[in-house]
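Quick notes on the structure that follows.
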Amino acid sequence: MGQLATLGAALLFASCVCAAASTGANLPPPPSHTGTAAAYDRATRTIDAYIASTTADAQARSGAQPFYAFHGPGEKVYGTALVFHGGFGKPADAVKTTTYLHANRWNVYAPPLAGHAFEGTRWPSTRLRGEYGGDLARQLLLADPLLGSIAEGINNGTLMAPVHVPDGFDYDEAMTRALTVLREGMEPAAYDTLLDAFELLVTANAYPSKQASLHKYFETDHMRYATVAAARVMDVVSLPGPVVVVGYSMGGVQALYASAWSDGLVSRAVLYAPFVDAAAPAESPRLRHLLQAVGALDLYDVPVPNDTTIPSVMLPAASLVGHTLLDEDLHAAVRRQTDVFCVFAEDDNMADVTLGLRVCRDGVASAGSRSYVYPAQLELGHFAAPSPMNPYSTPLLQETWRFLTTGEIRAEQMLNQSGDATMPSVDEMPAMARSHLARGA
């Protein structure tokens with residue numbers, strides 16, 4: 001599978017090398033890794049079985065199945081790139097990245113995030129147990145005219161749209177109001193237990209080593225993002241050359257865990273806007289705590305147009321696993337084996353850039369690691385990844401390929417919208433490879 005794209009991709013690569021050579025550019029060495037038919041057969045059978053398990057399920061999410069494209073036995077490649085999509089997206093969102101890498105001699109594999117091949121109720125979640133007041137707290141808050149109307153507004157909204165709140169509404173005041181409603185509606189002992197549970201939830205975010213204690217009060221499987229990431233690396237372990245990973249937003253979390261939990265198999269990682277925690281405005285520093293609470297109480301669902309519905313219990317799970325990226329043991333595991341290239345937008349309004357830079361520059365950074373921050377005046381927001389929303393996708397794709405292939409980047413090229421003429425072209429990717437990837441076959 002993937003051989004339909006082989007001839008076109010090979011011709012493109014040859015033309016790119018010749019064009020660049022004529023300019024005297026110092027290109028990476030040509031690919032040198034080859035695999036046997038048995039090695040490719042093992043990987044394709046493993047992934048095909050995984051794809052079948054996602055498509056046959058009654059709760060399969062339309063268009064969210066894995067796809068891959070391999071060059072085939074005997075053909076020279078650089079290795080295999082796993083590409084993880086963003087938290088609310090699908091593997092197909094990464095088609096431009098996978099097509100470019102495949103056209104330039106990487107095998108590519110785009111699996112869904114943990115549970116994301118299915119409806120939102122199957123995604124990793126963190127929910128307060130009913131016996132610790134979760135059900136009663138939910139009923140009380142939804143019955144409050146103001147708090148209930150906000151939850152209803154989210155239920156009727158759309159993904160990534162601003163939450164519409166009353167004029168003058170303050171998040172800190174909302175938390176105070178919620179606590180008042182709960183205190184007046186619950187028995188004192190039950191209310192105190194509820195506060196203990198949420199204090200632990202906040203503490204577990206700040207100190208990931210405390211997360212094991214969460215299971216007393218919460219049903220949570222947030223670390224499934226990590227275990228699934230490592231499993232997807234093992235899907236392609238038989239293929240030739242090194243394994244590299246690329247991840248956007250929550251996909252960046254899985255990419256780092258793929259690096260840390262795969263016994264040295266991942267040599268390089270590219271993280272676009274990795275999600276450590278939600279961005280919180282300076283004027284509302286307690287917003288994160290409010291999001292944690294309303295999420296774990298399952299107060300609302302976020303509908304994704306023409307797709308699925310995301311329950312709020314996914315939010316604390318994402319935050320919990322994101323915060324584990326601050327763990328020093330994880331940093332050490334990544335530094336030992338993986339060089340990392342991180343890309344951020346200074347004005348990101350969804351992911352906390354300060355925490356992300358702390359992970360990338362102070363945590364996992366090795367001598368071979370790199371980072372780049374798009375300036376705020378470009379107004380990229382959370383779209384620091386190759387996408388129609390990023391007008392600098394061409395140089396970003398080229399620098400992604402350069403880093404995965406050589407371990408280097410040229411920061412001065414990142415804002416060159418036409419791209420580096422000495423690098424493989426983005427505009428001339430073969431249509432055959434692109435349609436092949438888009439079919440997921």
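Worth pointing out:
- Sole residue being more than 24 Å from the chain's Cα centre (by Cα), surrounded by 14 or more Cβ atoms within 10 Å (Cβ to Cβ) and either among the hydroxyl-bearing types (S, T, Y) or modelled with pLDDT under 95 (or both), chosen from Y191, Y272, Y257, Y225: Y191
- Looking at E131, E75, just one residue is among the acidic types (D, E), open to solvent by 40 Å² or more (accessible area, probe 1.4 Å) and not in a helix (DSSP H, G or I), and that residue is E75.
- Whichever residue in region 275-307 is touching a Phe, Trp or Tyr at 6+ places or on another chain (Cβ under 8 Å), open to solvent by 10 Å² or more (accessible area, probe 1.4 Å) and of a type in the set (A, V, I, L, M, F, W, C) and, among such residues, is modelled with the lowest pLDDT: L287
- Here L4 meets each of (1) modelled with pLDDT of 50 or more; (2) within 26 Å of Q65 (Cβ to Cβ) with one exception, condition (1).
- Hey, R336 out of contact with any Cys (no Cβ under 9 Å at 6 or more places or on another chain) and over 20 Å from G251 (Cβ atoms) or not: yes
- Where a residue in region 190-214 is closer than 16 Å to A296 by Cα and touching a residue at least 60 places away in the same chain (Cβ under 8 Å) and its partner, wherever it lies, is open to solvent by 50 Å² or more (accessible area, probe 1.4 Å) and among the basic types (K, R), with Cβ under 6 Å and at least six apart: A204/K210
- Residue check, H323 modelled with pLDDT under 95, open to solvent by 30 Å² or more (accessible area, probe 1.4 Å) and assigned to a helix (DSSP H, G or I): no
- Test set (1) crowded, with 23+ Cβ neighbours inside 10 Å; (2) at pLDDT below 95 - F84 fails condition number: (2)
- Index of the failed condition, I154 passing every other in (1) open to solvent by less than 60 Å² (accessible area, probe 1.4 Å); (2) under 16 Å from S312 (Cβ atoms); (3) modelled with pLDDT of 75 or more: (3)
- Residue that is surrounded by 21 or more Cβ atoms within 10 Å (Cβ to Cβ) and hydrophobic (A, V, I, L, M, F, W, C), where the choices are L397, L378: L397
- Single residue of A438, A384, A365, A433 found to be open to solvent by less than 40 Å² (accessible area, probe 1.4 Å), within 28 Å of P66 (Cα to Cα) and at pLDDT below 95: A433
- Out of R232, R177, R183, sole residue that is buried (at least 20 other Cβ atoms within 10 Å of the Cβ) and among the charged types (D, E, K, R): R232
- When D362 is tested against (1) more than 15 Å from A273 (Cα to Cα); (2) under 19 Å from the mean Cα position of the chain (by Cα), only condition (2) is not met.
- Residue selected from region 387-406 under the condition part of a loop (DSSP other than H, G, I, E, B) and at pLDDT 95 or above, by the criterion farthest from S425 (Cα to Cα): N390
- Among the numbered conditions (1) open to solvent by less than 10 Å² (accessible area, probe 1.4 Å); (2) assigned to a helix (DSSP H, G or I), the only one that V246 does not meet is (2).
The values are calculated or read from the model by the stated rules, or taken from the named source; none is laboratory data. From a predicted model like this one, the values you see are computed outputs, not experimental measurements. Here Cβ is always computed from backbone atoms with ideal geometry, including for glycine, and neighbour counts include all displayed protein chains. Note: accessible area is taken over every heavy atom of the protein model, side chains too, but ligands, DNA and RNA are not part of it. Shrake-Rupley method; radii C 1.70, N 1.55, O 1.52, S 1.80 Å.
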